[in-house]
Amino acid sequence: MNIDERQVTTSLQRYARGIIVTDDDLDGLETQIGERLHPTRSRERSRRPWDLAVAACAVVALVLAVTALWRSGRTETMPAAPPTTGAVSSVSRADLIGVWTPDHGNNLGYLWLFTADGRWTTTNTASGFRDAHRELVPYDVEAGDILRFGTCRKTVRLGTEGRMTLTALPGETKCDRFPERSMPFIRISPSSPPGSSLERHPYAGPPESARKTATMDDVSGTWLVQGTGIMVVVSPTSPNTGTYIWDDDGDGWSAPDIQGRVVLGRAGHLEFRPTQLGDGDPPPDCAFAFDEVTTTRDTLGMTPSAAGCWVDPGEPEPNRQRWVQLN
């Protein structure tokens, strides 16, 4: 096989780049290669370490150069270099804003809350949701789509709209609030397709037969108005009264759209009376009223009342609503 001398020289330069070789070294190398083919014992003993190093590098470079030329002669495609990790993350804080719930039956009713300014917390009670602003702590989005929660780091993958999955990194063990290896989520608020179609919370117990609501215990909790991103959080103050916050953009713990009092009347009549609006406008002088309120423990069924704020006398009779309890 004939190999063009110029190709060999170029290949040697490419693979031996960084090794400084002088003309004297080359002359010595030529002599040593001849001795390699026709060894002389006395001269072999007198070789210097530098000579041996140069010879070794040259032999390795020659092998690599010939191999490269042989590959190019066979038109073989060389393996592509492995992709480098990007310097940025494809997931941003804006993708996470709102209220999320783990989409599995062992989530203990927890909601995960993410803010626009890069803070988060979790809660599984109505009171915890209302006071979440006291528990919010920073989180970071790192390169490679990694979320850091203090000492806990998880890979985040966004699926179809309103879905994400957090997965443990290899060797990560410092995650007390997230012991699972992988956890899928759906976004509750703002509205998303999987959130608005939720019929029962993943952690809900066995369904019960519907019955009329009797006390505020039947109404208290964190609720999602099915088909929307509206969340209603009710806290009882007596057997028949309570307070509530109403929000549809995922920041009800810090900037609810409506706040007010809730009153449960006889025969399952329920009224939400606004006392404060998030935009600073005066609250309406009517209540969001519902009739025939029933509960299955993890859902509420109710029909908007003709006397309530939501009902326009000129519109057809409103459809019955279904609320899903989140915790």
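The values are calculated or read from the model by the stated rules, or taken from the named source; none is laboratory data. Just so you know, these numbers come straight off a predicted model, no measurement behind them. Heads up, the Cβs are rebuilt from the backbone with ideal geometry, glycines too, and the neighbour counts pull from every protein chain shown. When the accessible area is computed, the model is the full protein with side chains, heavy atoms only, and any ligands, DNA or RNA have been set aside. Shrake-Rupley method; radii C 1.70, N 1.55, O 1.52, S 1.80 Å.
Does the stretch 93-113 contain any residue that is open to solvent by 10 Å² or more (accessible area, probe 1.4 Å), more than 21 Å from Leu224 (Cβ to Cβ) and at pLDDT 70 or above? Yes, the stretch 93-113 has at least one match. The residues on offer are Thr228, Thr294, Thr241, and the sole one that is open to solvent by 20 Å² or more (accessible area, probe 1.4 Å), within 29 Å of Arg187 (Cβ to Cβ) and more than 34 Å from the chain's Cα centre (by Cα) is Thr294.
The set of residues in the stretch 218-240 being polar (S, T, N, Q) and out of contact with any Pro (no Cβ under 7 Å at 6 or more places or on another chain) consists of Thr222, Gln226, Thr228, Ser235, Thr237, Ser238, Asn240. Of the residues in the stretch 298-313, not one is touching a Leu at 6+ places or on another chain (Cβ under 7 Å), among the β-branched types (Val, Ile, Thr) and in a strand (DSSP E or B). Each residue in the stretch 257-280 was checked for being in a strand (DSSP E or B) and closer than 25 Å to Arg320 by Cβ, and 11 pass.
Restricting the first member to the stretch 185-204 and to residues that are closer than 14 Å to Gln325 by Cβ, and the second to residues that are assigned to a helix (DSSP H, G or I), the beta-carbon pairs closer than 9 Å and six or more apart or on different chains are Ile188/Gly195; Ile188/Ser196.
Is it the case that some residue within the stretch 200-214 is in a loop (DSSP other than H, G, I, E, B), in contact with a Cys (Cβ under 9 Å, 6 or more places away or on another chain) and surrounded by fewer than 17 Cβ atoms within 10 Å (Cβ to Cβ)? No: zero hits.
If only residues of the stretch 189-199 that are open to solvent by 20 Å² or more (accessible area, probe 1.4 Å) and of a type in the set (Ser, Thr, Tyr) are counted, the one that is modelled with the highest pLDDT is Ser191.
When each of Glu142, Glu161 is tested for being touching a Pro at 6+ places or on another chain (Cβ under 8 Å), of a type in the set (Asp, Glu) and in contact (Cβ under 8 Å) with a residue 24 or more places away in the chain, the lone residue that passes is Glu161. The lone criterion from (1) open to solvent by less than 50 Å² (accessible area, probe 1.4 Å); (2) not in a strand (DSSP E or B) left unmet by Ser254 is number (1).
Matching residues to (1) touching a Lys or Arg at 6+ places or on another chain (Cβ under 7 Å); (2) within 16 Å of Val234 (Cα to Cα); (3) crowded, with 18+ Cβ neighbours inside 10 Å; (4) among the charged types (D, E, K, R):
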position: Arg266; (1), (2), (3), (4): no, no, no, yes
position: Phe272; (1), (2), (3), (4): no, yes, yes, no
position: Pro282; (1), (2), (3), (4): no, no, no, no
position: Phe290; (1), (2), (3), (4): no, yes, yes, no
position: Ser305; (1), (2), (3), (4): no, no, yes, no
